[in-house]
Each structure stands twice: as structure tokens, then as C-alpha cells.
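The values are calculated or read from the model by the stated rules, or taken from the named source; none is laboratory data. Just so you know, these numbers come straight off a predicted model, no measurement behind them. Glycine also receives a Cβ, built like all others from the backbone with ideal geometry; neighbour counts cover every protein chain displayed. Accessible surface is based on the protein model in full, side chains and every heavy atom, while ligands, DNA and RNA are left aside. Shrake-Rupley method; radii C 1.70, N 1.55, O 1.52, S 1.80 Å.
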Amino acid sequence: KILAKVPSRRRVILMVNREPTVEGGRLEPKLVSEEVRKGGAALWSVQVRYGPRQDATREALVKGVSGNSGGFRFLLQTPNPLPDYLKTVAANTIVQYAVTIKRPAEAPPAKFTGVKINRAGVSALAMQWSDK
């Protein structure tokens, strides 16, 4: 909620966590997801997993929100590549653009079918949430 009130052209949440851990939060995942959507933030998650996951609810929330918000989720087996992944997140969030297309009121509803990229080394991250 606080992030949504801060003036910004681009909102990014970077989450770095170590697994396995037990979730200590008491907020409903649906509420968290909705607040991220309202705030217009993209969630980028870097998880270092040392053993089996212990919190399937948090796992599902992170996976869903990162994909729906235009962010990405990385799952590492060791902390050694963590600095490289953090640099990747920083580079991608700086050069990432959000494109909004406004259709005429009389136009039929649009469907998102896919994004075609013709440039090597470039990938599309599609935000599934919209303002309306």
C-alpha cells in the first residue's frame, strides 16, 4: 500500500529469500496479490533453496505474482550465483518498458495472444494484470 502512494514511473519489488523457511506472515495471499496489482509493481524474486520447500502457499503466491506482474522468479540451488542474478534483475528492470494500448470504445474486446521477438537475446515478459 505504501509503494502505491510513492510517485514513480516504474515500481519494482525485489524479493530475495532463503528456503526452506516457514512463513511468518499472517496476510492472506489474495490480499497481497491484489495490493501488488493495485500498486502497479512488478515482483522479481530470487530464491535460494537449500532443501525442500516448507511453505507451498508462499511458493504459489510468489510464482503467480511474479508472472502476472511482469516480473520474474529465479530459483537457485546455491547462493554462489546470487550476485550475478541480482545484476541481471537490475539490468532487466532498468531497460524494461510497459506498453499500454488504448482501443477505441467501439472496438471489440482485445485478446492477448502472444508477443513475437525477432532480436537475439531479448525476451518478452507480459504483464497479465491490467488497470481495469
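A 1.4 Å probe over all protein chains sorts ARG119, ARG73, ARG9 by accessible area into ARG9, ARG119, ARG73, starting with the largest.
Summarise the accessible area of the stretch 1-91 (1.4 Å probe, protein heavy atoms) by the percent that is carbon and sulfur.
Of all accessible area on the stretch 1-91, carbon and sulfur atoms account for 57 percent.
Considering only ALA91, ALA60, ALA110, the mean-square fluctuation computed in a Gaussian network model of the chain, springs between alpha carbons under 10 angstrom, is largest for ALA110. Using a/c under 1.5 as the rounded threshold, could you call the stretch 30-89 rounded, prolate or oblate? The axes a ≥ b ≥ c are square roots of the C-alpha gyration tensor eigenvalues, and prolate needs a/b larger than b/c, oblate otherwise. Here the stretch 30-89 falls in the oblate category. The order of LEU43, LEU27, LEU86, LEU14 by accessible area, most exposed first and with a 1.4 Å probe, is LEU27, LEU14, LEU86, LEU43. Computed from Cα positions, the angle between helix 56-69 and the longest principal axis of the chain comes to roughly 30 degrees. Taking Cα Rg over 2.2 N^0.38 Å straight from the coordinates, which label in (1) 0.96; (2) 1.02; (3) 1.17 is the correct one? Entry (3). Dividing the summed helix terms, -39500 (n - 2.57) for each DSSP H run of n ≥ 4, by the number of residues in the chain produces a 222 nm estimate of -10000 deg cm²/dmol to the nearest 500.
Looking at the chain, the accessible area is 76 square angstrom per residue; that uses a 1.4 Å probe and ignores ligands, DNA and RNA. Over all distinct Cα-Cα pairs of the stretch 1-55, the Kirkwood formula returns a hydrodynamic radius of 12.8 Å. If you plug the beta carbon distance of VAL6 and ILE117 into 1/(1 + (r/R0)^6) with R0 = 30 Å, you get a FRET efficiency near 0.45. Each Lys and Arg adds +1 at its Cβ and each Asp and Glu adds -1 at its Cβ; summed about the Cα centre, the chain shows a dipole of about 400 debye.
State the answer as a single residue: which of PRO108, VAL62, GLN47 lies farthest towards the positive end of the charge dipole of the chain, with beta carbon charges of +1 for Lys and Arg and -1 for Asp and Glu, about the Cα centre. Result: PRO108, furthest along the dipole toward the positive end.
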